[in-house]
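The values are calculated or read from the model by the stated rules, or taken from the named source; none is laboratory data. It should be emphasised that the depicted structure is a prediction, and the values quoted were computed from it without experimental measurement. Here the Cβ positions follow ideal geometry from the backbone for every residue, glycine too, while neighbour counts run over all protein chains shown.
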Amino acid sequence: MTNSTAVAGKVLFGSTIVILVVGILAVGTASSFYSLKETGSDTTYLKGHVLRVFIGIIAALVLARRSDVFFRHIALPAYLLSFLGIIATFVLRDTQFAPEVNGSVRWLDFGVRVLPSDFMRYGFVLFSGLLISRGSVDIRKFKGVITIALLALLPSLLTMLQPDLSGTAFTLFVMLAVLFIAGAKFSHLAILVGGLLLLGTSAVLIRSDYQLDRIRASLQENSMQQDDNYQTLQARITMGSGGIYGRGLGQSRQKRGFLPEAHTDFILAVIGEESGFVGTTAVMLLFLTLFGSSLWISRNANTAFDAVAGGGATAIILTGVMIHTLVNSGVIPVTGMPLPLISWGGTSMVVNLICIGTVFGISRRSSG
């Protein structure tokens with residue numbers, strides 16, 4: 001078991017490095033047109049991306065060498081500080097410190113722009129693992145399930161009001177993953193999911209016509225008159241135009257002003273256009289390798305805390321990949337969701353690499 005965990009750690013490390021290299025190439029080509037238009041240089045966004053990758057790698061390497069005691073100690077502060085960060089977006093609303101981006105106030109900007117909800121999900125994973133592992137919460141009882149669920153539902157309510165429905169859904173998926181990994185009963189999870197679906201549907205119907213327009217647009221896939229459907233249609237055109245082998249690196253046509261957010265929310269579509277079905281499949285296989293090794297490490301962890309923390313950290317990356325892929329494929333309505341470890345974006349990159357560092361550290365502790 002020890003040897004297999006060590007091998008899984010090496011696979012995790014290797015697959016992460018390869019994905020990061022793919023991301024650097026993808027951001028370099030996907031951002032070139034927009035970067036040149038906005039800054040006068042076609043490498044400005046690429047340089048920023050490389051810097052963020054470097055910062056994330058340093059954070060991952062530092063955390064990989066920490067003991068589980070360290071993570072237990074930072075669990076509550078990480079959760080509370082990130083939760084307070086979400087609250088701060090409401091307190092500082094309409095100021096330079098909480099700018100409105102694409103109709104939503106979800107960021108804090110103090111010279112460096114940070115998305116508190118990204119850090120909150122990681123804090124939730126650690127704090128949930130702490131409560132479950134030390135016996136403060138009995139996850140086999142419905143009361144315990146609700147206790148852990150509330151840790152995610154309270155900040156999710158705030159992110160929904162920002163509004164950030166994609167971030168809210170992201171957090172709820174991670175919550176369900178943590179409960180499943182921790183051993184919650186299927187019947188309890190079914191009740192929780194049913195309640196969430198009922199509340200979520202009601203909230204969308206009551207809260208925002210904008211979200212309903214997005215859903216209608218995604219269903220009316222052939223309507224070029226739908227402004228809300230524009231991004232979905234362009235993403236499908238982008239991915240489909242790559243064919244089997246793609247146009248070649250740097251040869252995307254859609255990134256030249258046709259596909260919005262090509263270097264962030266729709267970078268997979270650009271990968272599909274330039275590398276085709278073969279390249280897109282290779283990227284998905286890399287992620288599957290990463291997930292498989294991460295789940296193996298978490299499943300064979302030495303402690304309950306490491307098992308929940310590792311599984312939850314993996315779920316953060318997995319959920320991000322799933323949502324990004326489904327949006328780029330036109331299966332679900334458009335949401336602002338970068339592709340983990342690949343898209344341009346500081347907070348997402350750093351948090352995902354922190355998750356990798358956390359799991360890699362578990363592999364080191366488990367393999368002796």
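Considering only residues that are more than 11 Å from L339 (Cα to Cα), of a type outside the set (D, E), within 23 Å of the chain's Cα centre (by Cα) and surrounded by fewer than 23 Cβ atoms within 10 Å (Cβ to Cβ), which ones fall in segment 256-274?
P260
Which of the residues belonging to segment 94-104 are assigned to a loop (DSSP other than H, G, I, E, B) and buried (at least 16 other Cβ atoms within 10 Å of the Cβ)?
Within segment 94-104, A98, P99 meet the criteria.
Determine which member of the set F54, F71, F33, F13 is more than 20 Å from the chain's Cα centre (by Cα), among the aromatic types (F, W, Y) and under 18 Å from I356 (Cα atoms).
Going through F54, F71, F33, F13 in turn, the sole match is F71.
Consider V125 against the criteria (1) closer than 19 Å to P340 by Cα; (2) surrounded by fewer than 19 Cβ atoms within 10 Å (Cβ to Cβ); (3) not small (G, A, S): it satisfies all of them except one. Which criterion is unmet?
(2)
Looking at this structure, is T314 over 9 Å from the mean Cα position of the chain (by Cα), buried (at least 24 other Cβ atoms within 10 Å of the Cβ) and either among the hydroxyl-bearing types (S, T, Y) or more than 14 Å from L295 (Cα to Cα) (or both)?
yes
Restricting attention to segment 62-76, which residues are surrounded by fewer than 17 Cβ atoms within 10 Å (Cβ to Cβ), in contact (Cβ under 8 Å) with a residue 24 or more places away in the chain and out of contact with any Leu (no Cβ under 9 Å at 6 or more places or on another chain)?
If the condition is that a residue be surrounded by fewer than 17 Cβ atoms within 10 Å (Cβ to Cβ), in contact (Cβ under 8 Å) with a residue 24 or more places away in the chain and out of contact with any Leu (no Cβ under 9 Å at 6 or more places or on another chain), then V62, R65, R66, S67 are the ones that fit.
Can you tell me how many residues in segment 243-255 are buried (at least 20 other Cβ atoms within 10 Å of the Cβ) and within 16 Å of A282 (Cβ to Cβ)?
1
So which helices (runs of 4 or more DSSP H) are wholly in segment 105-190 and hold at least 1 residues that are farther than 22 Å from L63 by Cβ?
Passing ranges, in order: 142-161, 165-182.
Criterion first (part of a loop (DSSP other than H, G, I, E, B) and at pLDDT below 85) does S218 satisfy it?
It is false that S218 is part of a loop (DSSP other than H, G, I, E, B) and at pLDDT below 85.
Report every pair of residues separated by at least 6 positions or lying on different chains whose Cβ atoms are under 6 Å apart, first residue within segment 139-159 and over 26 Å from P116 (Cα atoms) and buried (at least 23 other Cβ atoms within 10 Å of the Cβ), second modelled with pLDDT under 95 and among the hydroxyl-bearing types (S, T, Y).
none
Quick test for you: out of V91, V112, V22, pick the one residue that is within 20 Å of P340 (Cα to Cα) and exposed (fewer than 13 other Cβ atoms within 10 Å of the Cβ).
The conditions single out V112.
Looking only at segment 31-53, decide whether some residue is touching a helix residue (DSSP H, G or I) at 6+ places or on another chain (Cβ under 6 Å), of a type in the set (K, R) and either free of Cβ contacts under 8 Å to residues at least 24 places away in the same chain or surrounded by fewer than 20 Cβ atoms within 10 Å (Cβ to Cβ) (or both).
yes
Residues in segment 18-63 that are under 15 Å from V350 (Cα atoms) and not in a helix (DSSP H, G or I): how many?
Of the residues in segment 18-63, 0 are under 15 Å from V350 (Cα atoms) and not in a helix (DSSP H, G or I).
Got a sec? Which of S366, S298 is at pLDDT below 95 and of a type outside the set (D, E, K, R)?
Every option except S366 fails the conditions.
Of the conditions (1) in contact with a Ser or Thr (Cβ under 6 Å, 6 or more places away or on another chain); (2) more than 24 Å from D118 (Cα to Cα), E38 clears all except one; give me its number.
Here E38 meets the rest and fails (1).
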